[in-house]
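Working notes, structure below.
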Amino acid sequence: MNNEKQRDSSTPIEKARNFIGERPLPTMEMASHVWRYRTRRDFLFFGAGALAATAGAEFLLPQPTLSRLGIRRDMSSRMKERLLNKALRIDDDVAEALYSRDRMVPTYTKSQTTPIKNNYNGATPDPGYIAGWTLTLDGLASGLSISLDIRKLLNRFPMHEQITRLVCVEGWSAIASWAGMRFDDLLRAYPPKPQAQWARVESSVNLDNSGNLDPYFVSIDLATARHPQTLLATHLSGQPLTVEHGAPLRLLLPVKLGLKNVKAVTRITYSAKEPGDYWSRYGYSSYDGI
């Protein structure tokens, strides 16, 4: 909600006496809680920029300047890599600090939808897996491991529709019409252990570029899982998902980059500590918020 209001246009404002005269600045009103929020947000972003600049200084400034600043040039390659990784993760840290369950991403109309391409991480699986597909839940408060087929999921949970933008880390995006169950509804029906803070979402049918099995998995915090726009999607454009788009069930996280939106989800495991992430093992960040 935008709590900024421009002062009523009926308020008299003295007109400039000539064409090039300076116009008076418009008066703006802002609720105190909005001012406090924006001040805190601007401080975080300013601090992030300052840290990133400091991290990059070691590679950009001449040695005499670095010496005066107390920064060593002769650090090891591992230390340099660690420093750069910290700088690259600052935006994720800020995004995580500013996360709010009440912040919704924009929604669109059906006339605004655009084609969405098949962007599997690796080769597209053969559709033969669908016949025996189940979703397995582990780390539950009950202590049980539960397997659910797609029919049981569709019969038990209400469907929610939303038209949102999928943003790919490669630089493209698409607006698509999705339908499925809210992840939050699944959490309520099959609650995780009380200490759980994270979910590992996995697709065991994912393949590498050569067609060999290459399980794909991501970590998401349960606050994000409970976001009202986080779906376990079963339909695209009013039709059941095809293999290319993650049949029969895919994770849809509009507040995250596309690489977090796991296709053909086969297992969800809850844990107290952050689990591994497919890309973090290659040095990438694991938050990936937008």
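The values are calculated or read from the model by the stated rules, or taken from the named source; none is laboratory data. Everything numeric here is computed off the predicted structure, so don't read it as measured data. With ideal geometry, Cβ positions are generated from the backbone for all residues, glycine too; neighbour counts draw on all protein chains shown. Note: areas computed on protein heavy atoms with side chains; ligands, DNA, RNA excluded. Shrake-Rupley method; radii C 1.70, N 1.55, O 1.52, S 1.80 Å.
So here's what we get for this one:
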{"quantity": "Potential lengthening between Asp102 and Asp221 on full extension [0.36 nm per residue; Cα-Cα distance subtracted]", "calculated": "41.3 nm"}
{"quantity": "Members of Lys110/Lys256; Lys110/Lys193; Lys117/Lys273; Lys117/Lys193 lying beyond 28 Å, as alpha-carbon distances in this model show", "calculated": "Lys110/Lys193; Lys117/Lys273; Lys117/Lys193"}
{"quantity": "Per-pair calculated FRET efficiency, R0 = 45 Å: Ser210 and Asp185 via Cβ, rounded to 0.05", "calculated": "0.75"}
{"quantity": "Accessible area in the full protein assembly, largest first, 1.4 Å probe, for Thr224, Thr107", "calculated": "Thr107, Thr224"}
{"quantity": "Approximate spin-label separation Thr136-Tyr284, in nm, with each point projected 7 Å along Cα-to-Cβ", "calculated": "2.5 nm"}
{"quantity": "Computed E for Gln195/Ser145 - FRET, C-beta separation, R0 22 angstrom, nearest 0.05", "calculated": "0.80"}
